[in-house]
1. Between B:ASP102 and the same site in the other copies, what are the distances in nm, shortest first, taking label points 7 Å from Cα along the C-beta direction?
2. Which GluC sites (Glu not before Pro) does the stretch D:15-85 hold that lie in a coil by DSSP with at most 15 other beta carbons within 10 Å?
3. Kindly give the distances from B:ILE91 to its copy-mates, label point to label point, with each label point 7 Å from Cα along Cα→Cβ, as nm values to one decimal ordered shortest first.
4. Helix-derived [θ] at 222 nm for chain D: sum -39500 (n - 2.57) over DSSP H runs of at least 4, divide by residue count, nearest 500?
5. If the limit is 30 Å between Cα atoms, which of B:LYS13/B:LYS127; A:LYS127/C:LYS60; A:LYS60/C:LYS36; D:LYS59/D:LYS98; B:LYS148/D:LYS23; B:LYS148/C:LYS98 go over it?
6. Give me the percent relative contact order of chain A, please, defined on Cα pairs under 8 angstrom at least 6 residues apart.
7. Kirkwood hydrodynamic radius (Cα pairs, Å) of the stretch B:10-150?
8. Going by alpha carbons, how many degrees (0 to 90, nearest 10) lie between the helix axis of A:41-57 and the longest principal axis of chain A?
Amino acid sequence: MNSSPAVANSHIKLTIEGRLANIGMVGAVTRILSSESGFSVMSSTEIELAVVEAVTNVIKYGLLELPSSDVELSLTYYEQYLAIEISDLGIPMPSQALEDADGSVFDYLEHDMDTWPTSGMGLSLIKAVMDRVEYSSMNGRNTLRLIKLMESVDATTDS
Amino acid sequence: MNSSPAVANSHIKLTIEGRLANIGMVGAVTRILSSESGFSVMSSTEIELAVVEAVTNVIKYGLLELPSSDVELSLTYYEQYLAIEISDLGIPMPSQALEDADGSVFDYLEHDMDTWPTSGMGLSLIKAVMDRVEYSSMNGRNTLRLIKLMESVDATTDS
Amino acid sequence: MTLENITIKLNVGSKKMENMTIKHQGAVAIIEPQRKRIDASFAIKFREDVVALVEQGQKKLVLNMTNVEFIDSSGLGAVVSIMKVIGGNQNLTLCYVKDSVLAVFKLTRMDKIFIILPNEEEAVARLQP
Amino acid sequence: MTLENITIKLNVGSKKMENMTIKHQGAVAIIEPQRKRIDASFAIKFREDVVALVEQGQKKLVLNMTNVEFIDSSGLGAVVSIMKVIGGNQNLTLCYVKDSVLAVFKLTRMDKIFIILPNEEEAVARLQP
Ligand SMILES: Nc1ncnc2c1ncn2[C@@H]1O[C@H](COP(=O)(O)OP(=O)(O)O)[C@@H](O)[C@H]1O
Ligand SMILES: Nc1ncnc2c1ncn2[C@@H]1O[C@H](COP(=O)(O)OP(=O)(O)O)[C@@H](O)[C@H]1O
């Protein structure tokens, strides 16, 4: 563990209308910023995946009745990690949904076609690729907070 | 000229703190979105250049006394053009600055080193690479509006 | 009719909206999605188009993923659906799967189910008797 | 001292903050900016570092632009300043200039002033007597 406080290098906020057609933009922006900020190609893809899954859920479920409402994405690149917040004013995620997504959807039987999943993978994927996933809903605003650590963090000692 | 109204494909709004360190992000995002939206590599570079010049000016001049104020960038990709708005709540650009930037800064003498410009090129570059440049300042909000036409626009007839 | 026209208008825009190309080689159809991204904005249409082909009698498929740079869980769900409809991995192979796409197959263990081959020739050959 | 420490902290972060590398070949110094972008956040520092080198007596320079993917008017202004300090294009050449960077030289007609060569060998050779 490094005891020095993280240094904020840059922060960017993106706002899109909650339409599935806008997802590609969000993904492309997230990937390019992550890779320019020092994440590997593979980590950048994982970050892109998590953000796309999260924004898709907001559009598909949270904004179902509010098709033109906005989704806000905030990316803050610290020295040792990236903090992402995806927030909206739609219907909150059911309280147990995040906990339920425990990766068991991937415990299907390879030889039994009937057990292969075709949906219900999004939240489990987010949890698989992110180092921390938290959800909160306050005053009508829902926020999913994702943390991804930098690969190259080494436990340096302060001099 | 095509008489059909432009179809908005996607719109994204970016907000950054007005610090020079954030310029790289803005440039990278602008380039990737432009190229994903169908602009050529060269046009995407030109769009990136114009946005970087404009945001730099806001930070260097407009937000000089307000170093932590935000810069908003809005990108709207229509079928036949891209509309960019860069807006801030800082000091407005002097009214004649945009008009003064008539490209004459590039009329230096190749053989006379003393005439080579080392600054004052930003606004002229924006005008050189964009198809339309407009500036307005209202209720404390300054907005630079840039238009770049899609290369592949052909004058189709409505059927 | 009006809706049809609007669709066409969007399609002639700057974005390449063509969804996929289909080639035939013997009993095998080679499908090449013409999108960089298979996400929730495309997954349903993609699955429907391919499933329609299978239901028309196409029994062996290669998915040539050369253009696809990103897939999410809805895209993967579409591919799994197609696999189910066509009856398993003796009838469907994939090729030119980029690392960023393969990563999602691995995260979901789907790399154990799908037969992923380096190129189209091998992907087609694997399906021929 | 405190400021120094803060700078070092930033430098050991994930971002490669090393600004440029310098190699020597005879009387020629080859400078390679280690940044993808030469914009207003880097232009002044870049100019100062190179001008310091010239003022220390370095009379011939190659700018190897292999890492640079983007330059804006402040970056270009820095390069022009360096050219002025070193006394013109018989003492400074550029190489590995990417199209995106060359575009800005062309827009400002600076491609007429700078000698831009395809590779480092030719850029060095041009400066040797
Ligand atoms: N933002 C959200 N708002 C409301 N419900 C949500 C949200 N995100 C997820 N859910 C619920 O959680 C379930 C699991 O989501 P996910 O793992 O992404 O899989 P899928 O979307 O394929 O069902 C969804 O079916 C939905 O009921
Ligand atoms: N956003 C702005 N706010 C205030 N002044 C501005 C702004 N943008 C440009 N200017 C003025 O216009 C001048 C020309 O700008 P520009 O062409 O970008 O060149 P440079 O910034 O190198 O001087 C600047 O020197 C400045 O005085």
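1. Spacings between copies for this position, smallest first, are 7.4 nm.
2. Working: sites: D:GLU18, D:GLU48, D:GLU55, D:GLU69; in loops: D:GLU18, D:GLU69.
In loop regions of the stretch D:15-85 (DSSP not H, G, I, E or B), the sparsely surrounded GluC sites (Glu not before Pro) are D:GLU18.
3. 5.2
4. Details: 5 runs with 54 residues, N = 129.
Result for chain D, helices only: -12500 deg cm²/dmol.
5. Values: B:LYS13/B:LYS127 22 Å; A:LYS127/C:LYS60 35 Å; A:LYS60/C:LYS36 21 Å; D:LYS59/D:LYS98 25 Å; B:LYS148/D:LYS23 42 Å; B:LYS148/C:LYS98 33 Å.
Pairs exceeding 30 Å: A:LYS127/C:LYS60; B:LYS148/D:LYS23; B:LYS148/C:LYS98.
6. Values: 246 pairs, mean separation 42.0, N = 159.
Contact order relative to length: 26 percent.
7. 15.6 Å
8. 40 degrees
Values quoted throughout were computed directly from the atomic coordinates according to the rules given, and no laboratory measurement underlies them. Everything quoted here is computed from the prediction, not taken from an experiment. For neighbour counting, all protein chains shown are included, and Cβ atoms are generated from backbone atoms with ideal geometry for every residue, glycine included.
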